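The values are calculated or read from the model by the stated rules, or taken from the named source; none is laboratory data. Fair warning: this is a prediction, and the values are worked out from it, not measured in the lab. Here the Cβ positions follow ideal geometry from the backbone for every residue, glycine too, while neighbour counts run over all protein chains shown. Please note that ligands, DNA and RNA were not included when accessible areas were found on the heavy atoms of the full protein model with its side chains. Shrake-Rupley method; radii C 1.70, N 1.55, O 1.52, S 1.80 Å.
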Amino acid sequence: MSSTNLPIAKAITAGLRDALRADDKVLLMGEDIGVLGGVFRVTDGLHAEFGSQRVVDTPLAEAGIVGTSVGLAVRGYRPVVEIQFDGFVYPAFNQITTQVAKMHNRTNGTVHMPIVIRIPHGGGIGAIEHHSESPEALFAHTAGLRILAPSNAQDAYWMTRQAIECEDPVIMLEPKKRYWVKGDVDPDQRPELSPWQAEVVRPGTDATLLAWGPSMPLALESAEAAAEDGIELEVIDARSLAPVDYPTIAASVRRTGRLLITHEAPVLGGLGAEIAARLTEECFYHLEAPVIRVGGYHLPYPPARMEHAYLPDLDRVLDGVDRLLEH
Amino acid sequence: MIQLLAADGTRTPHAELDEVLAGRGGEDDLASPQRLRGYYRDMVMIRAADLEATSLQRQGQLGLWASALGQEAAQIGAGHASREQDYLVPTYREHGIAWARGIEPWRLLESYRGVSHGGWDPNELRTHPYMIVLGSQAPHAVGYAMGLQRDGVVGTGDPETDTAVLALFGDGASSEGEVSESFTFAASFDAPVVFFTQNNQWAISVPTSVQSRVPLAQRSRGWGIPSVRVDGNDVLAILAAVREALDAARAGEGPRFIEAVTYRMAAHTTSDDTSRYRPSSEEEEWAEKDPILRLRRHLEQLEEIDEAFIARCDEEAHDLAMALHHHIHGMEDPDPVGMFTHAYAEPHPIVEAEREQYLDYIAQFEDEGDDVGRDDAAEQKGELA
């Protein structure tokens, strides 16, 4: 075992470094990712080690960054692109949804798109407009894309490696407010759990609480608080948002009979809505209550001084748990 | 505007470009009589296929067709100016480019007929898929060119090794932001890419004059990308300009931009109605500049073409159109189960589950003897297992 205690940001750095070393077709592209090491310093040191041909500082043009990565992928490269903040991915939305997601299909399977699009994800950091978005449902709705949402350092390292190895395009939603939270990483031991599987991180009997990425600490905190009231929540980290690992979630719901989903994105049309609908269909006779969602409101992400009211917090999740158990 | 052939077929000498056309001599001479006859044949062939495709659409055999009538010289010229190793990135109207790259016309029609979203392997034929979302392919071209740089196949001095990318889009697409971003990337990284815009005067119903205050060729200059404006109905001028630009890109001199001034003789697509927005006098004016007629006149002046050759070309073109007609009429609809095959390269549980669900659904109809025109679902499920 060579486990190392690393912040999530540095676990991703290690994942990128090891991927660059393992395959000379891997290259990184993005704004300020070279000498500066990225605005969050996730690519720190990689430019010095691998040079400007493999760690490419690009012009400030998101559609151009993603669009050129398509051409590089056709040529046989495995581009890993960084979008500085989640709200800046929208200028590249056309390239991601009409090109990256569809090229494999359009070429009858002859061209692969092993592109990774890294996006710092979520709010709660007191940032200005466009720096705290949760676009996962927009991309999860697009066939051809995969989405991973690590919530801890071990997943951050391995999902980075596995996303780069994947022959399909992968969007990596990195929990930006947890970039500096440390955890054990073992880069020598490939995890048994597939990156496309959810993980039951805390067993429980009274209800299932599903979350991902930046919401995972809240989910675990909520489970501990509920336990003090004698309510045992089973907490699941979805990990993969496209595809969602329905079998693992459904198995839990069949055990507990209740499901609460919490995410930062607006509830309306969010990924929680899709999961709730599918779980209702699959587990209807096991459910003892309607699926409850606790998330953002149907609003543009608010100015930072109001985000505490917008984002799910302990009280809102526990309120959701109460509503769930009322039935 | 660069022009080597006047509308009446008269050849205008050009010191620099004539040298480009002559190439290294011998088989590389792009303006040899044999080559000129070849371009003429190609243009006649692709026009026949194009007209037949329009006819097939009117017969209900195609969902849509985007004609390239009038743009044959721009496309056949640009296609033949490229070298085999170059990668070409077309839009959805590049039938002459496809022909020059050896893509059979019936493969172009696959997407227009609705049996597939694409018809060829881009890497095998070094030609990107047809692109519907305007301008989206331009950054792909630059990215591919950046890959060429990393592969060390730019500026080696070996003409068999050095490679470039030809990115094609129309005047309408040149208004898209992604084209501008592509200029930025190409210039920033000195990417070996030649942007080739066919200005066919109309973006559906919007004329170029509404899209740009300046000739399109001037646009790239703001990025420091050298550009030229070429008569797009003059196959020799196109050949020379594109070959010269691709040679420069292959040599590591960075990107170039070419505006080919041409005319879309037909409608934007078979759904369009040109009578609503453009005068017939304009169409008549441009008919005089017909690129096929122009080359024929030039060959006649050179006494390098005779009635027998012209008749043979026409006969071949007719045969091609008939073959296309029969091929499309005989083309069976694909098994819908195939739509589940290439959404992802790696196994995907949701898609697999939905495929199973679909097979179960259609299996219900088999017991009822309902011929839904699909393969035996049970058998397919067995194969999957």
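For beta carbons closer than 9 Å, sequence separation of 6+ or different chains, a first residue in region A:125-150 that is not assigned by TED's automatic domain parsing to the domain that holds residue A:90 and surrounded by fewer than 19 Cβ atoms within 10 Å (Cβ to Cβ) and a second that is modelled with pLDDT under 95 and among the aromatic types (Phe, Trp, Tyr), there are no qualifying pairs.
Taken as a whole, the condition of being out of contact with any Leu (no Cβ under 9 Å at 6 or more places or on another chain), open to solvent by 10 Å² or more (accessible area, probe 1.4 Å), more than 14 Å from every other protein chain (Cβ to nearest Cβ) and not aromatic (Phe, Trp, Tyr) does not apply to residue B:116.
Restricting region B:326-335 to residues that are open to solvent by 40 Å² or more (accessible area, probe 1.4 Å) and part of a helix (DSSP H, G or I) leaves a set whose member that is farthest from residue A:102 (Cα to Cα) is B:326. Screening residue A:84 against (1) open to solvent by 10 Å² or more (accessible area, probe 1.4 Å); (2) more than 8 Å from every other protein chain (Cβ to nearest Cβ); (3) under 20 Å from residue B:176 (Cβ atoms) leaves a single unmet condition, (3). In region A:8-27, how many are part of a helix (DSSP H, G or I), open to solvent by less than 10 Å² (accessible area, probe 1.4 Å) and aliphatic (A, V, I, L, M)? Number satisfying all stated conditions: 7. Taking region A:114-132 as the range and being under 20 Å from residue A:33 (Cβ atoms) and of a type in the set (D, E, K, R) as the test, only A:118 passes.
Out of all the residues in region B:293-317, which are open to solvent by 50 Å² or more (accessible area, probe 1.4 Å) and among the aliphatic types (A, V, I, L, M)?
So the first thing to find is which residues in region B:293-317 are open to solvent by 50 Å² or more (accessible area, probe 1.4 Å), and the list is B:293, B:296-297, B:300-304, B:306-308, B:311-312, B:314-316.
Passing the criteria: B:293, B:302, B:308, B:311.
Scanning region A:90-113 for residues that are more than 15 Å from residue A:143 (Cα to Cα) and either buried (at least 24 other Cβ atoms within 10 Å of the Cβ) or in contact with a Lys or Arg (Cβ under 7 Å, 6 or more places away or on another chain) (or both) yields a count of 1.
Under the condition of being part of a helix (DSSP H, G or I) and within 16 Å of the chain's Cα centre (by Cα), the residues counted in region A:236-279 number 3. Picking from residues in region A:42-60 that are open to solvent by 10 Å² or more (accessible area, probe 1.4 Å) and touching a Ser or Thr at 6+ places or on another chain (Cβ under 8 Å), the one that is nearest to residue A:7 (Cα to Cα) is A:44.
Note on region A:28-39: residues that are in a loop (DSSP other than H, G, I, E, B), among the hydrophobic types (A, V, I, L, M, F, W, C) and either within 13 Å of chain B (Cβ to nearest Cβ) or surrounded by 22 or more Cβ atoms within 10 Å (Cβ to Cβ) (or both) total 1. Residue B:80 falls short on exactly one of the conditions (1) more than 14 Å from chain A (Cβ to nearest Cβ); (2) outside any helix (DSSP H, G or I); (3) surrounded by fewer than 24 Cβ atoms within 10 Å (Cβ to Cβ), and that condition is (2). Taken over region B:15-31, the criterion of being open to solvent by 20 Å² or more (accessible area, probe 1.4 Å) and either at pLDDT 95 or above or in a helix (DSSP H, G or I) (or both) is satisfied by B:15, B:16, B:18, B:19, B:20, B:22, B:26, B:27, B:28. Just to confirm my filter: which helices (runs of 4 or more DSSP H) fall fully inside region B:127-221 and include at least 2 residues that are open to solvent by 40 Å² or more (accessible area, probe 1.4 Å) and within 13 Å of chain A (Cβ to nearest Cβ)? Those helices (runs of 4 or more DSSP H) span B:137-150, B:177-189.
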